[in-house]
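Working notes, structure below.
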Amino acid sequence: MNDAVTLAGNNGQAKMPRKRKVSKMAIHEAIWGYAFIAPVVLGLVIFYTLPSVASFVLSFTKWDGLSSPSFIGLENFSALLQDEKYMRAMLNTMLYTFGTVPLSVALATILAVFLNQPIKGMVVYRTLYFIPVITMPIAVGMVWKWLYNSEFGLINYILGTLNLPQPNWLFDEKFALFSIVLVAVWSSVGYNAVILLSGLQGISSSYYEAASLDGAGTLYKFFRITLPLLTPSLFFVLVTSLIGAFQAFDLIFIMMGKQESLLDSTRTVVYSIWENGFKYFDMGYASAQALVLFLVILVITVLQMYFQKKWVHYQ
Amino acid sequence: MKANAISKSSRLLVHVLLILGAVIMVTPFLWMLSTSFKSFAASMKVPPEWIPSDWHFENYSLVLEKINFSRYYLNTIIVTVGRTVGQLVLCSMAAYGFACLRFPGKNIIFVAILSVLMVPSQVVMIPSFVIMRELDWLDTFYVLIVPGIFSAFGTFLLRQFFMTLPRDLEEAAKIDGAGYFRIFWQVYLPLSKSALVSLAIFTVLYSWNDLLWPLIMTSSEEMRVLSIGIASFQGQHATDYPLLMAGAVMATVPVILLFIFLQRYFIEGIALSGIKG
């Protein structure tokens with residue numbers, strides 16, 4: 001049986017040299033191949049590729065979404081440079097991203113190392129840390145808005161009993177973005193930890209055994225074995241988290257959306273795209289903002305790919 | 001592992017730290033639950049009550065009266081099921097094509113599909129709105145379901161999984177005279193249950209929690225999904241936190257339960273997308 005299977009496999013692979021008869025089979029296979037992929041490919045072209053191209057074209061036009069778009073060259077982009085609101089949104093997005101991602105990944109690394117220990121109740125811990133990840137961001141935003149409430153919120157109550165200062169979290173422009181960053185960290189740690197945990201489980205125990213024989217301590221093992229061998233997973237987590245953080249919208253929408261005056265210190269680029277496109281119907285301008293966002297994400301991702309040589313160790 | 005084992009005292013320390021972190025993770029949910037049973041006045045008591053002194057279960061029925069919650073629920077379920085079933089069928093077919101069949105241009109097309117993953121959805125949003133308007137799909141189930149069933153991520157995830165399956169099975173089925181569709185349907189799909197469940201969970205979560213797409217593409221009250229329904233509920237009752245929390249509880253509990261029961265598949269799915277990515 002096994003032999004027959006291998007033989008058949010070889011015959012299948014040896015298609016190329018012999019012509020007529022097999023190429024008919026190859027055509028048959030190719031037709032089926034195209035048939036299998038056709039629905040997804042067509043759908044992605046219609047709903048993703050074409051709109052992406054259209055978005056690129058639209059960013060060079062002025063368009064209210066109804067009349068025909070008028071070509072204005074690079075005007076949208078030069079307007080962006082002078083648009084204080086947009087520049088502020090870009091700055092906020094950067095602050096949000098570079099506040100959230102390092103903190104979340106650092107905490108997730110520690111959490112993953114803890115969860116990788118042979119301790120009881122690992123599944124329970126994993127479940128508890130993961131629940132924030134799967135909860136609807138709108139609900140998360142609402143709960144945290146209530147926790148942050150300056151008069152009746154739980155957080156200020158606890159701070160009060162500890163005699164610590166009680167900031168007006170979401171309503172103080174110095175704290176508003178920071179408050180949202182904390183929520184974003186809270187809801188992303190579990191996800192990052194699960195990816196890092198599967199990376200940790202791939203590290204061969206022989207490294208640790210050898211280090212123990214040499215008398216290495218826990219910290220030494222962490223910095224010299226665990227961390228270097230975890231770098232491929234860390235790299236993956238960093239790349240995907242940064243891409244995700246640059247697209248932040250939901251939390252800001254639910255926690256700040258009604259406070260126009262405070263939006264300046266929390267508006268992200270995606271929020272600005274949504275406002276321009278669907279509140280002011282300035283669709284060309286919104287498309288230009290989306291294109292810039294894409295380019296920023298692309299540059300940051302390419303830079304990470306480039307610099308991974310310097311710190312990522314593949315086993 | 002043995003060499004990496006830790007002493008009893010440091011194991012205790014790990015437990016203490018893990019419990020501390022778990023408290024921070026869980027407290028917001030307990031607080032949400034606790035508030036959802038309080039009267040409006042009790043919710044503003046200082047010091048706050050952890051366990052309500054009198055229970056107001058009627059908050060939940062009040063939410064159901066004040067907004068068309070059951071309608072939002074139904075809409076969300078229809079959208080979630082539609083997208084999930086669609087993705088499972090179409091992505092698994094495409095994944096089989098990419099993983100197991102030979103045809104000219106396969107690699108180029110596959111790379112093109114992966115490039116879709118790189119474009120942020122906000123880039124697609126504005127032209128999509130116009131396309132949907134021209135199709136007359138705005139504010140219908142079509143706009144909420146159809147674009148969501150074509151997934152580059154789902155195709156990629158399942159293709160990675162199919163690549164790990166032994167080819168012998170396929171060859172054996174071929175000798176038995178099975179066609180490609182039968183091999184796909186009767187050999188590959190039954191072997192891929194865990195990967196299919198993983199993708200299903202990802203899709204369910206994504207469509208259940210999705211906000212921006214339905215926010216843009218729907219406008220009428222009866223087409224609202226849960227996330228939009230809750231957001232507009234918050235707009236009307238900005239400070240009535242017991243009611244808001246009752247709504248939040250009802251919107252999140254199904255997904256949390258789903259996760260608790262199926263978390264093995266979920267963790268596997270993340271590992272699959274993470275390692276191979």
Wholly enclosed helices (runs of 4 or more DSSP H) of segment A:139-242 bearing at least 3 residues of a type in the set (Ser, Thr, Tyr) and closer than 30 Å to A:Gly257 by Cα: A:176-200
Answer residue from segment A:75-134, given it is small (Gly, Ala, Ser) and under 30 Å from A:Asn276 (Cα atoms) and is farthest from the other protein chains (Cβ to nearest Cβ) among those: A:Ser78
Filtered residue count, segment A:256-270, keeping only those that are of a type outside the set (Val, Ile, Thr) and at the interface with chain B (Cβ under 10 Å from one of its Cβ atoms): 2
Long-range neighbours under 7 Å by Cβ, at least six apart or interchain, first residue crowded, with 19+ Cβ neighbours inside 10 Å within segment B:83-108, second part of a loop (DSSP other than H, G, I, E, B): B:Gln87/B:Ser151; B:Leu90/B:Phe150; B:Cys91/B:Ser151
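Conditions (1) aromatic (Phe, Trp, Tyr); (2) more than 22 Å from A:Gln247 (Cβ to Cβ); (3) more than 9 Å from chain B (Cβ to nearest Cβ); (4) surrounded by fewer than 23 Cβ atoms within 10 Å (Cβ to Cβ), marked per residue:
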site	(1), (2), (3), (4)
A:Ala184	no, no, yes, no
A:Ala193	no, no, yes, no
A:Gly199	no, yes, no, no
A:Ala211	no, yes, no, yes
A:Asp214	no, yes, yes, yes
A:Phe223	yes, yes, yes, yes
A:Ile252 part of a helix (DSSP H, G or I), closer than 30 Å to A:Asp172 by Cα and among the β-branched types (Val, Ile, Thr): yes
Hey, B:Ser220 farther than 16 Å from B:Thr84 by Cβ, modelled with pLDDT of 90 or more and surrounded by fewer than 17 Cβ atoms within 10 Å (Cβ to Cβ) or not: yes
Residue list for segment B:157-175, filter: touching a residue at least 60 places away in the same chain (Cβ under 8 Å), of a type in the set (D, E, K, R) and either touching a Pro at 6+ places or on another chain (Cβ under 6 Å) or farther than 14 Å from B:Gly97 by Cβ (or both): B:Arg167
Segment B:168-192: number of residues that are part of a loop (DSSP other than H, G, I, E, B), more than 10 Å from chain A (Cβ to nearest Cβ) and under 26 Å from A:Gly43 (Cα atoms): 1
Sole exception among (1) in contact with a Pro (Cβ under 7 Å, 6 or more places away or on another chain); (2) surrounded by fewer than 17 Cβ atoms within 10 Å (Cβ to Cβ); (3) not polar (S, T, N, Q) for A:Val123, by number: (1)
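Per-residue answers, yes or no, for (1) polar (S, T, N, Q); (2) touching a strand residue (DSSP E or B) at 6+ places or on another chain (Cβ under 9 Å); (3) within 11 Å of chain A (Cβ to nearest Cβ):
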| site | (1), (2), (3) |
| --- | --- |
| B:Val63 | no, no, no |
| B:Ile67 | no, no, no |
| B:Asn75 | yes, no, no |
| B:Val89 | no, no, yes |
| B:Phe129 | no, no, yes |
| B:Asp139 | no, no, no |
| B:Arg159 | no, no, yes |
| B:Pro166 | no, no, yes |
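The values are calculated or read from the model by the stated rules, or taken from the named source; none is laboratory data. Small disclaimer: the values here were computed from a predicted structure and weren't measured. We place every Cβ from the backbone using ideal geometry, glycine too, and count neighbours over all the protein chains shown.
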